[in-house]
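Remarks on the structure that follows.
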Amino acid sequence: MVNNFPVLVERIKQEGKSLEGGILKVDSFINHQLDPDLLEQMSAEFNRRFDPASYDKIVTIEASGIAPAVMLGYLAHKKVVFAKKKKPSTMSNMLVTEVFSFTKNTTYQICISGEFIHAGERLLFIDDFLANGKAANGIIDLANQAQAKIVGMGFLIEKAFQQGGSLLREQNIHVESLATIASLDNCTITFA
């Protein structure tokens, strides 16, 4: 069921740009320049959709997921852990998996310290985009390695014309997207 958040939809209509190859550019307000007021409104909507009592911690991946995850963590009074894209030499008890980025056309390793995700913890994953679901599946793998459980996933924008959302929902994961894009054909943004 599509449940678009009108504030974000309007902002995408005003400032979003659709580029060749199914790329939606939202760097003027989400993933390069940030609008704190919009971030707060989106995080408040996630706080409404995901009961803070249902999860113990928020996880994300650097870099674009950090801002919405931290804002939600602030509102829900939950700690936030982000997966790093480069292995630091100081990290111990490292959980590692590989993720393919279609935007950058490269495979990279993401890692989280096992000190910050524990067996039995219930995790909420927050990120900016859901397309093919590769980042989300990487986080699921890290959670499984830690014997933690992903109880929900929230995305600012979902590209419904790609398979990620349906694959996650088939795994019975509670997925919420604030803006669902049905198509970017002919460089035109069409909402579901």
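The values are calculated or read from the model by the stated rules, or taken from the named source; none is laboratory data. Note that the structure is predicted; figures quoted are calculated from it, not measured. Cβ: placed from backbone, ideal geometry, glycine included. Neighbour counts: every protein chain shown. These area figures cover heavy atoms from the full protein model, side chains too; ligands, DNA and RNA do not enter into them. Shrake-Rupley method; radii C 1.70, N 1.55, O 1.52, S 1.80 Å.
Under the Karplus relation 6.51 cos²θ - 1.76 cosθ + 1.60, θ = phi - 60°, what is the ordered set of whole-Hz ³J(HN,Hα) values for segment 125-130, x standing for Gly and Pro?
Whole-Hz 3J(HN,Hα) from phi for segment 125-130: 9, 10, 8, 7, 10, 10.
With runs of 4+ DSSP H residues as the only contributors, calculate the mean residue ellipticity of the chain at 222 nm using -39,500 (n - 2.57) per run, divided by the residue total and rounded to the nearest 500. Write out the running numbers ahead of the final one.
Details: 5 runs with 54 residues, N = 192.
Theoretical 222 nm ellipticity from helices: -8500 deg cm²/dmol.
Which whole-number value in Å² is the accessible area per residue of segment 150-190, probe 1.4 Å?
On the way: 1710 Å² over 41 residues.
Averaged over the residues of segment 150-190, the accessible area is 42 Å².
Cα axis of helix 66-76 to longest principal axis of the chain: angle in degrees, 0 to 90, nearest 10?
Taking the Cα atoms of the chain, the angle to 66-76 is about 70 degrees.
Mean 1/r over all different Cα pairs, inverted: what Kirkwood radius does segment 1-69 give, in Å? Before the final figure, lay out the partial values.
Numbers: mean 1/r = 0.0739 Å⁻¹.
Computed over segment 1-69, the radius equals 13.5 Å.
Using the heavy atoms of the protein chains and a 1.4 angstrom probe, tell me the accessible area per residue for segment 1-96 in square angstrom.
Values: 5300 Å² over 96 residues.
Accessible area per residue: 55 Å².
Report the local net charge at residue 173: Lys and Arg +1, Asp and Glu -1, summed over other residues whose C-beta lies under 14 Å from its C-beta.
Numbers: positive: 49, 122, 149, 169; negative: 127, 141, 158, 170, 176.
Here the count lands on -1.
Points 7 angstrom from Cα along the Cβ direction at residue 170 and residue 115: gap in nanometres?
It works out to 3.9 nm between the two label points.
GNM, the chain, Cα, under 10 Å: largest mean-square fluctuation among 42, 71, 91?
Checking each option, the largest mean-square fluctuation is seen for 91.
Please list 3J(HN,Hα) in residue order for segment 54-60, calculated via the Karplus relation 6.51 cos²θ - 1.76 cosθ + 1.60 where θ = phi - 60°; whole Hz, with x for glycine and proline.
Going residue by residue, I get 8, 9, 9, 8, 9, 10, 8 Hz, with x marking Gly and Pro.
Sort out the exposed loop trypsin sites (Lys or Arg not before Pro) in the chain (DSSP loop, at most 13 other Cβ within 10 Å) and tell me the longest stretch that has none.
It works out to 105-192.
Given a 1.4 Å probe and every protein chain left where it sits, what share in percent of the accessible area of the chain is carbon and sulfur? Each step should come with its number before you reach the end.
Working: 4680 of 9520 Å².
Carbon with sulfur: 49 percent of the solvent-accessible area.
For segment 67-122, which GluC sites (Glu not before Pro) are both in a DSSP coil and crowded by at most 10 other Cβ atoms within 10 Å?
Working: sites: 98, 115, 121; in loops: 115, 121.
Hits after loop and neighbour filter: nothing returned.
Would you work out the charge dipole size for the chain about its Cα centre, treating the Cβ of every Lys and Arg as +1 and the Cβ of every Asp and Glu as -1, and quote it to the nearest 20 debye?
On the way: 19 positive and 21 negative charges, 74 e Å.
About 360 debye.
Equivalent ellipsoid semi-axes for segment 32-83, as square roots of 5 times the alpha carbon gyration tensor eigenvalues: give them largest first, rounded to whole Å. All intermediate terms of the calculation are to be shown ahead of the outcome.
On the way: eigenvalues 58, 40, 10 Å².
The three semi-axes for segment 32-83 are 17, 14, 7 Å.
Go through segment 1-68 and name the GluC sites (Glu not before Pro) that are in a DSSP coil and have 11 or fewer other Cβ atoms within 10 Å of their Cβ.
Details: sites: 10, 15, 20, 40, 45, 62; in loops: 20, 62.
In loop regions of segment 1-68 (DSSP not H, G, I, E or B), the sparsely surrounded GluC sites (Glu not before Pro) are 20.
Got a sec to turn the phi values of segment 175-192 into Karplus ³J(HN,Hα) couplings, 6.51 cos²θ - 1.76 cosθ + 1.60 with θ = phi - 60°, whole Hz, x for Gly and Pro?
Once rounded to whole Hz, the list reads 10, 10, 10, 7, 9, 10, 9, 7, 7, 10, 4, 6, 6, 10, 7, 10, 8, 6.
Counting Lys and Arg as +1 and Asp and Glu as -1, each charge on the Cβ, what is the dipole of segment 89-192 about the Cα centre in debye, to the nearest 20?
On the way: 6 positive and 10 negative charges, 13 e Å.
So the dipole magnitude of segment 89-192 works out to roughly 60 debye.
Return the long-range amide H neighbours of residue 133 (sequence gap of 5 or more, or a different chain), with a cut-off of under 5 Å between placed amide H atoms.
The list, which skips near neighbours in sequence, is 164.
Where Rh is the Kirkwood radius over the Cα pairs of the chain, the temperature 25 °C and the viscosity 0.890 mPa s, what D in µm²/s does Stokes-Einstein return?
Values: Rh = 16.7 Å.
For these conditions, the coefficient is 147 µm²/s.
Sort all Cα-Cα distances of segment 95-192 into consecutive 10 angstrom bins from zero, then give the percent of pairs in each bin up to the one containing the longest distance.
16, 44, 31, 8, 1
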